[in-house]
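Worksheet: one structure, shown below.
The values are calculated or read from the model by the stated rules, or taken from the named source; none is laboratory data. Note that the coordinates shown come from a computational prediction; the quantities given were computed from them, not determined experimentally. Glycine also receives a Cβ, built like all others from the backbone with ideal geometry; neighbour counts cover every protein chain displayed. The area values use the complete protein model at the heavy-atom level, side chains included, leaving out ligands, DNA and RNA. Shrake-Rupley method; radii C 1.70, N 1.55, O 1.52, S 1.80 Å.
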There are 4 protein chains.
Amino acid sequence: MPLFTGVVPPVVTPLTASFEVDYPSFTRVIDHLLDGGVHGLFVLGSTSEVVFHDQAARRRIVEHAISQVNGRVPVFVGVIDPTTDRVIGHAKAAQAAGADAVVVTAPFYTRTSQPEIVDHFRYIREALDVPVVAYDIPVCVGTKLERNTTVTLAREGTIAGLKDSSGDDGNLRYVMADTAGLADFFAMTGSEIVVDSVLAMGAHGVVPGLGNVDPHGYVRLWNLCQAGDFAAARKEQERLCRLFEMVRVSLPRTSPGSAGVGAFKTAMRRLGVIDTNIMARPQRPLNDEEASVIEGILRQTQLLS
Amino acid sequence: MPLFTGVVPPVVTPLTASFEVDYPSFTRVIDHLLDGGVHGLFVLGSTSEVVFHDQAARRRIVEHAISQVNGRVPVFVGVIDPTTDRVIGHAKAAQAAGADAVVVTAPFYTRTSQPEIVDHFRYIREALDVPVVAYDIPVCVGTKLERNTTVTLAREGTIAGLKDSSGDDGNLRYVMADTAGLADFFAMTGSEIVVDSVLAMGAHGVVPGLGNVDPHGYVRLWNLCQAGDFAAARKEQERLCRLFEMVRVSLPRTSPGSAGVGAFKTAMRRLGVIDTNIMARPQRPLNDEEASVIEGILRQTQLLS
Amino acid sequence: MPLFTGVVPPVVTPLTASFEVDYPSFTRVIDHLLDGGVHGLFVLGSTSEVVFHDQAARRRIVEHAISQVNGRVPVFVGVIDPTTDRVIGHAKAAQAAGADAVVVTAPFYTRTSQPEIVDHFRYIREALDVPVVAYDIPVCVGTKLERNTTVTLAREGTIAGLKDSSGDDGNLRYVMADTAGLADFFAMTGSEIVVDSVLAMGAHGVVPGLGNVDPHGYVRLWNLCQAGDFAAARKEQERLCRLFEMVRVSLPRTSPGSAGVGAFKTAMRRLGVIDTNIMARPQRPLNDEEASVIEGILRQTQLLS
Amino acid sequence: MPLFTGVVPPVVTPLTASFEVDYPSFTRVIDHLLDGGVHGLFVLGSTSEVVFHDQAARRRIVEHAISQVNGRVPVFVGVIDPTTDRVIGHAKAAQAAGADAVVVTAPFYTRTSQPEIVDHFRYIREALDVPVVAYDIPVCVGTKLERNTTVTLAREGTIAGLKDSSGDDGNLRYVMADTAGLADFFAMTGSEIVVDSVLAMGAHGVVPGLGNVDPHGYVRLWNLCQAGDFAAARKEQERLCRLFEMVRVSLPRTSPGSAGVGAFKTAMRRLGVIDTNIMARPQRPLNDEEASVIEGILRQTQLLS
């Protein structure tokens, strides 16, 4: 059995108007997700605005999340920073706080080769006792985890799983074929919009940012795929695709980064889960007019009546 | 007069075999550069492996450098991390340590728009009392500082200068034309190999990684350009171009990042300035065979006899 | 009903050792595909090395193909060249020869905007009486057909269908949702390796280069998807994925372009369909050692015993 | 001595309102350039909209140009199409028409490797009796001519010269150093805005699209550089940079391609050289408001009083 499976949303980190973590809202986000039936949480992912938080802030976020989850589901912790030893620093703190796994990208800002990326994961794994999940997100780090890199790390046991946000599902399929014989290795997709497809290919889970807005929807989608009812899964996925249109509402006024997380926060505010749609600086929040378009999308997708 | 001018090398950060900063070697690097006649130092630039050092390590590096320089030349400090408030954290520490200016890139990992980048610099400037220098390095951050972004920031006084490592000298020329009326604004190039050209266009300085290996060469080049002797400057530049061939010696065995800084460190070790050619993990150092090629290059360019 | 559906391989153009079209082999390719049960042919696609053939050569290829097919299935003709009026020239020739549809990319070499691309398709459509199929292949032309561009062209009737070789299946899903109300519009994928997924999303066909090697396989895959047996479809797709490994055999000795078409030709030679694995200049053919690896792949995937 | 030197503008191809070549205007363009003192003409370059013209149209354009020039200066002919044998077809026609050299890019649309690009140039050279000039324009073809590719071709005599429109002047400098011992090899830049710099580095000429608007300016710039008066050259270059601002006037309403050639044609129309500012389809011409901005630029740069 793969180590972890199911719906594991990257948890939004709510902020106050003065850019502090809003812990009461954060507690509500976690409860909202667990009430939605998700199978795990990914704290401090890209959707959590991880790179906006320094080491001290990250520690508080992780401790709060693990305390609030209280063992109900596994907690993955993103340990995302440019280079190996800084990642190890974050990862040791996450491990000490009780993380079930840490999630690691390729180095960024610095330009590394695939063999150096392999070394990066090995150094991190050697320094830890918790499982390491590779996070392939070229749009943020500028480098793809090549098939051979991922498969090498999986076969030797350096990584326990993969979160693939590369959008290259053909490559993911080859990685899954190459690792099919590894009983506990898992591959999850970071996509919101082709989840039914990637689960049908054999993926073990999904890490959807949009799951913050509609955890029930992704859990339904997961259950339908598990039951082999791909026709119904497709209908649910298509509803979630309509919901995902929210990430385009503020384009091109804001950057794609602000447009995505900003839309999720705006929708969660409207749903009463969090108090503000503020993002860390210099990201620009959605304005009232955009919030109103998002409200319309929530109605069209049965999240508001 | 522009606030700063001349040769301002990004200072290499020497490491021990156990990946600690080698402070005795670091002291020698600083003296080597000041003996070479440079006009300023840029501590914690890309060539300094800045993103490999956490906040505590950076503070020690900056304090050591400023103490060792002891006011002989201005010290710029790179405050390079993905997002606004983390940069402000580094910048306040640099300011407290006595930095003469801080050097700031666009956000990275997160995807921001040009207006958000403008905000990023404004927030940082508002939080500080020292001048802010914009650092345009798309190869590392994935975003170009567009002409209009840089010029807006310069005109309103948010940035005091520009370090341009984008390789787009045509764009730099337009930025310099647009800011020609700003008496104290300065534009420096991060190039090692077209310095004579960019100075002839009117740039106010150069920030050459290769200046760690041959500070005298870049100071000679600067002086020749100041004197208007561009024919002699071209000859010196061409010698420095031959020296710069060292950055290709370990390609493709290592990444371009490791190949560049690794070559500088290997050359500096051979010249007796530092003790090892170790770089921070996961970068792979040059091997003995590659070191021997670099020794040959040092001989061909009159740095070894 | 969509205008065209099913498996429509881009037909390989066999060459002699002196780089002429090998018409006896070409006839065998067509019969091999029709015997395989394909639902249409796409002559002069990228896999056909279309851009290597001038106007006169293309005309002979099209006439031969249409004559040999003799109405048994529809024939799409690629009319691929950099700019609008040159495309119209090819398209009028294809129409005169009896093409059932022409397949058109965005302009290339020249850099056009999305509104200019819309105009490009409109000008071409106005000049013709046959349906126009948009071909989205950013890896060759350097530009993506954006969702809004494709949907605008579909809604106004300028294009009758889309061949999507962009690899962006999420975008394709949105295009299909936006055009779901257009009864005769069709969307096909150019993928070889996620065909089951894209058909499950609702695509109307597939244009697989690998279909030249194993048309029966793709027809089986299509039939299984039509029957809703996605579990069996997945198994067939996974066998085809193993077969598709052939496109990596000569990398990095040759370019990706030569590696792909070269592998298909090498496999088809081994299967007795064509006489040489020669490609148009300057592409480098696979060598004997690589051919032997490909033979192994054919055995592992039950195409050779 | 290098085979060719000096100012060699890529000649604009004027069109009528019905998209035919406007030969009376074309004659005036050629005379305007020769009156401006240019040292050669580059017919059918990117600025000439070469890829919009088919084989028959190109032949007429070349014949007209060569007849009109009548031996007063050398005529380079661009033979730009995606693949080797199609290029050879154009090149033989150009040779038959009396071209002094043909200008060849890397293959495009198809994805070739550097060794295949080397072969491409060799096959073309073997088929011809006129000199071949390599044209490095990655923005159009998607591939850079790497230093080693260009230098290999230069040393073995396959190419007689280089037109570098890559914007990578550092790489150009290395190519010039590597080929310094080849007496007749020449390197020209395609830049409009750093010509003084590249000539100061030792380049043998310039191929400026903007030279269509102001040939006298580029000839003055060339003469000043030849005389070693780089201070005056810089002033002239800076005036030409202000003139070059015209290429941004219609952005983002049109594509960068249309914005550039469209601005040149609009300026030439205002200067009385050509009759329309029409470009080949699907390029969008500048409108009256944009034409008026361009008129202002012509006044500011002393081309109109």
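Listing for the model above:
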{"item": "Filter on A:Lys92/A:Lys163; C:Lys144/D:Lys144; B:Lys144/C:Lys144; B:Lys265/D:Lys144 - keep pairs with C-alpha separation over 24 Å", "result": "B:Lys265/D:Lys144"}
{"item": "For residues of D:76-89, the mean tally of beta carbons on other chains within 10 Å", "result": "4"}
{"item": "Number of partner chain Cβ atoms within 10 Å, mean per residue of C:46-56", "result": "4"}
{"item": "Number of partner chain Cβ atoms within 10 Å, mean per residue of B:164-171", "result": "3"}
{"item": "For chain A: relative contact order, % (alpha-carbon pairs under 8 angstrom, 6 or more apart)", "result": "20 percent"}
{"item": "Cα centre as origin, Lys/Arg/Asp/Glu Cβ charges: the range C:6-229 dipole, Debye", "result": "220 debye"}
{"item": "14 Å beta-carbon shell around B:Ala91, net charge (K/R +1, D/E -1)", "result": "+1"}
{"item": "Inter-copy spacing of B:Phe19 label points, which lie 7 Å from Cα along Cα→Cβ, given in nm from shortest upward", "result": "3.1, 5.3, 6.1"}
{"item": "Where GluC sites (Glu not before Pro) fall in DSSP loop in the range B:114-201, at most 13 other Cβ within 10 Å", "result": "B:Glu156"}
{"item": "Three-way shape call for the range A:242-298 based on the alpha-carbon gyration tensor, with the a/c threshold at 1.5", "result": "oblate"}
{"item": "Area accessible to solvent at B:Asp214, 1.4 Å probe radius, in Å²", "result": "10 Å²"}
{"item": "Most mobile of C:Thr47, C:Thr143, C:Thr110 in a GNM of chain C (Cα contacts under 10 Å)", "result": "C:Thr110"}
{"item": "Shape call, the range B:181-276: gyration tensor on alpha carbons, a/c limit 1.5", "result": "prolate"}
{"item": "Other copies of D:Gly296: label-to-label distances in nm, shortest first, labels 7 Å along the beta-carbon direction", "result": "3.7, 5.9, 6.9"}
{"item": "Bridge type composition, the range D:6-229 - antiparallel percent by DSSP, nearest 5", "result": "5 percent"}
{"item": "Leading residue at positive end of dipole, the range B:192-305 (Cβ point charges), from B:Thr301, B:Leu210, B:Val249", "result": "B:Val249"}
{"item": "Gyration tensor verdict on the range A:6-229 (Cα atoms; rounded if a/c is under 1.5, prolate if a/b is larger than b/c, oblate otherwise)", "result": "oblate"}
{"item": "Closest-to-axis residue of chain B (Cβ criterion, axis taking B to A), whole Å", "result": "B:Gly142, 3"}
{"item": "D:Lys163, B:Lys92, A:Lys235, reordered so the largest accessible area comes first (probe 1.4 Å)", "result": "A:Lys235, B:Lys92, D:Lys163"}
{"item": "Label spacing, shortest first and in nm, from C:Gly228 to its equivalents in the remaining copies (7 angstrom along Cα→Cβ)", "result": "1.4, 8.7, 8.7"}
{"item": "Interface size C-D, as summed buried accessible area [1.4 Å probe, Å², nearest 100]", "result": "3600 Å²"}
{"item": "Computed accessible area, A:His216, all protein chains, 1.4 angstrom probe, square angstrom", "result": "90 Å²"}
{"item": "Chain C: most fluctuating residue of C:Ala127, C:Ala187, C:Ala94 per GNM, C-alpha cutoff 10 Å", "result": "C:Ala127"}
{"item": "Dipole of the range C:33-141, positive end: most advanced residue of C:Val104, C:Val139, C:Val118 [Cβ charges, Cα centre]", "result": "C:Val104"}
{"item": "Inter-part distance where the range A:189-214 and the range C:37-85 are each reduced to a Cα centre, Å", "result": "39 Å"}
{"item": "Which of B:Ala187, B:Asn148, B:Met176, positive extreme of dipole for the range B:6-229 (C-beta unit charges)", "result": "B:Asn148"}
